[in-house]
Amino acid sequence: MSDELNINKKRKNQIKTKSSAASGRGETDIDYVRPAELPEQDLYHGHSFITKWIFCQDAKVIGVQYTLTAVFTGVVGLILSWMMRMQLGFPDLFPFLTAETYYQMVTMHGMIMVVYLLTALFLGGFGNYLIPLMVGARDMVFPYVNMISFWMFFVAVVVLMASFFVPGGPTGSGWTLYPPQAILEGTPGSGYGILLMLISLSLFVIGFTMGGLNYVITILQARTRGMSLMRMPLTIWGIFTATVLALLAFPALLVSSIMMTLDKVLETSFFMPTIIKAGEALSYDGGSPILFQHLFWFFGHPEVYIVALPAFGIVSDLISVHSRKNIFGYRMMVWAIVGIGALSFFVWAHHMYVSGMSPWFGFFFATTTLIIAVPTALKVYNWILTLWRGNIRINTVMLFCLGFIVTFVNGGITGIFLGNVAVDVPLSDTYFVIAHFHMVMGIAPLMVIFGAIYHWFPLVTGRLMDEKLGKWHFWVTFLGAYSIYFPMHYLGFIGVPRRYFEMYDSPYMTSAVGMNEFISVAAFIVGAAQFIFFYNLVKSLRLGKPAGKNPWKANSLEWLTPDVPPTHGNWGEKLPVVHRWAYDYGVPGAKEDYIPQTTAPSEVKDAEVEKT
Amino acid sequence: MSDLNLDKLPGGFKGMSEDIGSDQTTFKGVNWGKAMMWIFLLSDTFVFSCFLVAYMKVRASVVEPWPYPSEVFALEMMGVPVPLLLIAIMTFVLITSSGTMALAVKYGYEKNRKMCGWFVLLTAIGGLTFVGMQAFEWSKLIFHDGVRPWANPFGAEQFGAFFFMITGFHGTHVSIGVIFLFIFARKVFRGDFDTGRRGYFTTMKSDYVAIEILGLYWHFVDLVWVFIFAFFYLW
Amino acid sequence: MFTGLLFLAVIIGSIVFHIWTPWWWTDIASNWSAMDDTIILSFWIGGGVFILVCLFMVYCIFRYQYKEGRRSEYKPEDKKLEKGLTWLTTIGVVALLAPGLVVWNNYIRVPDNAIQVEVMAWQWGWKYRLPGQDGKLGASNNRIISDDNPYGLNIDDPNGKDDVFVESNELHLLKDRPVKILLRSIDVLHNFYVPQFRSKMDAVPGTITYYWFEPNKNGEYEVLCAEYCGVAHYAMRGKVVVEDEESYNKWLLEQETFSSFTAKNRNNKLNKKKFVKINNLSSNKNSILKEQDVR
Ligand code: HEM
Ligand SMILES: [Cu+2]
Ligand SMILES: [Cu+2]
């Protein structure tokens, strides 16, 4: 069956080769690749320290800059989560933790983790570093704009952090920033705090748009010879689709930020209805709070996939490389990524089942939401089917991939609970939701990020990270995080609402005191384990084993640069020419168990390659 | 752009699927900058759509009566209020500037430095006129009619809020366009696009395709205005 | 080996925890047991998938651990397997979705014999309004809320005259009688949530939202605010008492009606000269208009 398909495919390829070889060359040449369409890219080479390392136009340096900045914000988010857990587990320990500070921490933690850590890290960090390398370009197509993109992001982070120091402190409106509460007294930081948050988000969107245009055009228009879309590694597919989502979803965030800023500063009433405070009506009238929620979640749901899709892509590649096996069902994986991306624009109101919107929307959005579950589940099957009959290296990278599968499946399934509108009614706005999204978009993508860092660290620095420390890091993080969030679902069943500063003495909540203490302790341990990781990073940077070229025996282009780590311009004299997809592992008949993308068919004549 | 046998590629639907299946570029022969502008405009379309959808939603649900645009936007001519007079002129000017922009692009293709430069300049002046008239309209609404973003004498207060926000956002787009048009007019006259002089910031070579890219942006801004016009002044 | 065992332990631990957990939902006290049932169904299907996927993963870890010189299978695609899995998943999803939609359909359709109860949320507390003898709530508007008219009732609406004001955070409900909760808020978003009733909905200022349930167990229940509403969100509690007709009627008689409230207030007013400025927007507007007049 598949052999037949295979022959058909080969025949088609031959036909294509003929037609595109109209110029007369390569009719018999099995190594034929269309000639270059584009001239060499013109690059600016920095000379001074400043143009080489600070205002640098090299996507790889920008990627590292993005990564470091994002990780810095992540550490801030982590510390905030520690303090929150301190309050929830041991409420009497720190009297200076007031409700105000608690809500400010919740808000900053949520926003930092979702936007400034995960989005920036996956797209700005991994995107910048990997896209040009993996598609065989010398750099992003607009290096200057790319550089500005990072500095915009940097300013956005500075503005965000500045809000910790303004009068009133950062906003405490919850990361969803729901008006009217977000800009009214009664919510901490409703003065400067929320304003800085909105400004920072707007800057982020502008900066991201600059970067995002680069990623998209580089992938669409600057691939190297032979690199067709269906030969791209799934990492690139994930980042590409996520970037397109971001370019179409961030506008809603920008618009809602602008409108809320006006509501705050000029007292317009976009989102503000009549409000009675202390017996008097404020000057607002006639606005619609639910409109904000629609705008926010029109951004917010795709945002979830902006984080998830690059993770999907990266983890596919990691699993494939380290189980020495082609990714199972590549085409299905690509279509699933694209399909999930497209569908993600039609599910946003599943966050609003009990928001008071027209209840009839419930039917539509529950249906679309559960439809998304199908391609998502298929991706999971394909990951485990890639492991199946593989030759699995159980190293740190693979461990993180396995951890990803467990946490992602767990969180995905609780997502089906919440997407199924009637089930969401008792569970929404409880700790079940907190547990769900931490599992699926907190821990699972973090697993991928760690795996990816262990995987690509040798490429970036030329040295391997310490495996032993890596394994410790994995087990403490994975087991710890799992034991934080798995039991937490049950708090939600009890009915404990989220964003509660203190549980108080409700009869059915007192039973959860023990669990809260346990969760807090686990959170401290998990947080502390990250310092193993940082130590490993710093140590390996100087003392790690030299990695040499292509330490993992991978196929994709980033490992095939003439210099390791790759230098500015990536490819030295000549751009690589691609002859196959990135997953030719364990091909029967081939000498090695992997065939890099640049290997021409004539070099591996005996290999029985199926897909090219 | 050095395109290899681009004309020989098959056209139509077959050509499209082949392009997508091929290596190197998905949109054959499309310059990077141009592709970028298209994607950016797509994103920007979403921005304006969000604004307009929010406007429609609020206008549909607000309780207080919505002001009559033909009254609010009337201009008094010799004692008779003529509805939409100013807007008609503004729209006319902006659409005309799209025409001059198209001519500029045409002459850019022909590498006709002089004509291209003049038409870019003319477009810039058209845009500037538009912004000027918008400033006049705003000041009339604010100082004469007492419309504020937070209140107005005609009815629902969201009217002023949305009006200032959306036309302001569009006006900002026009203003940015005008600034670039002036810069580019200077570049054209100086001959940057003929000599391929390198950009001050980007250090990249200049090319006449930049005029076309700017043209795309300008036409987009124009198109958005048509929608704003329809939603604010005619609805 | 070690790796596989630990992952296995995680799976088994999850199952064991689920079975033996001392933390589980509170005894249900309303008609929404169907919601619990859909959750249980989701647990069976979803939990099954979770366990199967993870066990398969663990199997692969044991079976296909790296061996020098071994080649993995080379099989990029398997159309039949992929198709089969797609269908299986689709069936599972439909099996979850269909009952969910049915329950939702019941949730948004209020039975005709439901008693209307208005829940009015504010920062940070609850109060309530019940229809009087006529069974109808009078029309209301937040804009005209004042000391004289704490619920912003339309004075001209005869339905409102006999409305019962419950100006405390304690609400009494009749057992076995469906209630339609009509939610109002005078400031920000809130959410009237009693875990034992399973149901909830946001209160949104500017509109009236609703949901319904039928309390079927006598007792006192705690109301929790389930939509973040500012610093005292966590402290915004209330109380619902479900009881039989007799005690319910007794409680009802103790409450004030709109007319008795107004009458009492009118007397007070003679002593208190207090004007509540409700609408500084309209004064704002006036000033703009005046500017024009001057010119
Ligand atoms: C081990 C690490 C983490 C711990 C201990 C932690 C802990 C917490 C806690 C205690 C809350 C507040 C719950 C409440 O009061 O309602 C919270 C909220 C939240 N967390 Fe985390 N978190 C961690 C990592 C992450 C990550 C990686 C993400 C990225 C997606 C994330 C995203 C959020 C979001 C979006 C919220 C909601 C904020 C809000 O309610 O406005 N967290 N987290
Ligand atoms: Cu969502
Ligand atoms: Cu609340």
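Points to keep in mind about this one:
- Of note, C:Leu281 satisfies the criterion of being open to solvent by less than 30 Å² (accessible area, probe 1.4 Å) and at pLDDT below 80.
- Residue within segment A:400-423 that is away from ligand 1 (no atom under 16 Å from the Cβ), out of contact with any His (no Cβ under 6 Å at 6 or more places or on another chain) and open to solvent by 20 Å² or more (accessible area, probe 1.4 Å) present: yes
- Qualifying residue in segment B:155-170 (condition: under 18 Å from B:Thr96 (Cα atoms), open to solvent by less than 40 Å² (accessible area, probe 1.4 Å) and hydroxyl-bearing (Ser, Thr, Tyr)): no
- Odd one out for C:Val231 among (1) in contact with a strand residue (DSSP E or B) (Cβ under 9 Å, 6 or more places away or on another chain); (2) at pLDDT 90 or above; (3) under 24 Å from A:Ala278 (Cα atoms): (1)
- Segment A:467-477 - residue that is in contact with a Leu (Cβ under 9 Å, 6 or more places away or on another chain) and aromatic (Phe, Trp, Tyr) and, of those, surrounded by the most Cβ atoms within 10 Å (Cβ to Cβ): A:Phe474
- Screening A:Gly527, A:Gly480, A:Gly514, A:Gly492 for residues that are open to solvent by less than 20 Å² (accessible area, probe 1.4 Å), without any contact (Cβ under 8 Å) to a residue 60 or more places away in the chain and farther than 30 Å from A:Met134 by Cβ leaves exactly one candidate, A:Gly480.
- Checked against (1) of a type outside the set (Asp, Glu); (2) away from ligand 3 (no atom under 16 Å from the Cβ); (3) touching a residue at least 60 places away in the same chain (Cβ under 8 Å), A:Ile275 passes all but condition (2).
- Within segment C:214-253, being closer than 19 Å to C:Tyr107 by Cα, open to solvent by less than 20 Å² (accessible area, probe 1.4 Å) and more than 16 Å from ligand 3 (Cβ to nearest atom) holds for one residue alone: C:Pro215.
- Residue, nearest to A:Asn391 (Cα to Cα), within segment C:11-49, restricted to residues that are among the hydrophobic types (A, V, I, L, M, F, W, C) and open to solvent by less than 20 Å² (accessible area, probe 1.4 Å): C:Ile11
- Condition check for A:Ile372: more than 22 Å from C:Val49 (Cβ to Cβ), touching a helix residue (DSSP H, G or I) at 6+ places or on another chain (Cβ under 9 Å) and either touching a residue at least 24 places away in the same chain (Cβ under 8 Å) or open to solvent by 10 Å² or more (accessible area, probe 1.4 Å) (or both): no
- Here A:Val321 qualifies as over 19 Å from the mean Cα position of the chain (by Cα), more than 9 Å from chain C (Cβ to nearest Cβ), within 30 Å of A:Asp593 (Cβ to Cβ) and part of a helix (DSSP H, G or I).
- Search result, residues across segment A:86-127 that are touching a Pro at 6+ places or on another chain (Cβ under 6 Å) and within 16 Å of ligand 3 (Cβ to nearest atom): A:Glu100, A:Tyr103
- Candidate set from segment A:429-466 (those that are open to solvent by 10 Å² or more (accessible area, probe 1.4 Å) and small (Gly, Ala, Ser)); member that is nearest to ligand 3 (Cβ to nearest atom): A:Gly442
- Residues being closer than 30 Å to C:Glu222 by Cα and hydrophobic (A, V, I, L, M, F, W, C) - total across segment C:1-42: 14
- The set of residues in segment C:18-65 being more than 9 Å from every other protein chain (Cβ to nearest Cβ), touching an Asp or Glu at 6+ places or on another chain (Cβ under 8 Å) and hydrophobic (A, V, I, L, M, F, W, C) consists of C:Ile28 alone.
- Residues in segment C:196-213 include at least one that is more than 8 Å from every other protein chain (Cβ to nearest Cβ), outside any strand (DSSP E or B) and open to solvent by 30 Å² or more (accessible area, probe 1.4 Å).
- Test result for A:Gly110, within 16 Å of ligand 2 (Cβ to nearest atom) and closer than 26 Å to A:Pro497 by Cα: yes
- Test: C:Asp163 is of a type outside the set (Ser, Thr, Tyr), within 12 Å of another protein chain (Cβ to nearest Cβ) and closer than 24 Å to C:Lys239 by Cβ: no
- Pairs with Cβ under 6 Å, 6+ apart, first in segment A:77-103 and buried (at least 18 other Cβ atoms within 10 Å of the Cβ), second among the charged types (D, E, K, R): A:Gly89/A:Glu517
- Filtered by the rule that a residue be in a loop (DSSP other than H, G, I, E, B) and more than 9 Å from every other protein chain (Cβ to nearest Cβ), segment C:214-230 gives C:Glu214, C:Pro215, C:Asn216, C:Lys217, C:Asn218.
- For segment A:247-302, the candidate set comprises residues that are more than 9 Å from chain C (Cβ to nearest Cβ) and among the acidic types (Asp, Glu); within that set, the residue that is least open to solvent (accessible area, probe 1.4 Å) is A:Asp263.
- Filter pass, A:Ala452 being within 16 Å of ligand 2 (Cβ to nearest atom) and not hydroxyl-bearing (Ser, Thr, Tyr): no
- For segment A:341-364, the set of residues classified as without any contact (Cβ under 8 Å) to a residue 60 or more places away in the chain, closer than 16 Å to C:Met201 by Cβ and surrounded by 19 or more Cβ atoms within 10 Å (Cβ to Cβ) consists of A:Ala349, A:His351, A:Pro359, A:Gly362, listed by residue number.
- In a residue-by-residue description of segment B:13-35, the property of being within 11 Å of another protein chain (Cβ to nearest Cβ), open to solvent by 60 Å² or more (accessible area, probe 1.4 Å) and part of a loop (DSSP other than H, G, I, E, B) applies to at least one position.
- One residue from B:Arg190, B:Arg186, B:Arg198 being surrounded by fewer than 17 Cβ atoms within 10 Å (Cβ to Cβ), over 25 Å from B:Phe231 (Cβ atoms) and modelled with pLDDT of 90 or more: B:Arg186
- Residue within segment A:493-516 that is in contact with a Pro (Cβ under 8 Å, 6 or more places away or on another chain) and more than 12 Å from chain C (Cβ to nearest Cβ) present: no
- So C:Leu189, is it at negative phi, more than 7 Å from every other protein chain (Cβ to nearest Cβ) and open to solvent by less than 50 Å² (accessible area, probe 1.4 Å): no
- The listed residue being open to solvent by less than 10 Å² (accessible area, probe 1.4 Å) and at the interface with another protein chain (Cβ under 10 Å from one of its Cβ atoms), out of A:Gly226, A:Gly207, A:Gly193, A:Gly238: A:Gly226
The values are calculated or read from the model by the stated rules, or taken from the named source; none is laboratory data. Note that this is a predicted model, so its numbers are computed, not measured. Don't worry about glycine lacking a Cβ; one is built from the backbone with ideal geometry, like all the others, and counts go over all protein chains shown. SASA here: full protein model, heavy atoms, side chains in, ligands and nucleic acids out. Shrake-Rupley method; radii C 1.70, N 1.55, O 1.52, S 1.80 Å.
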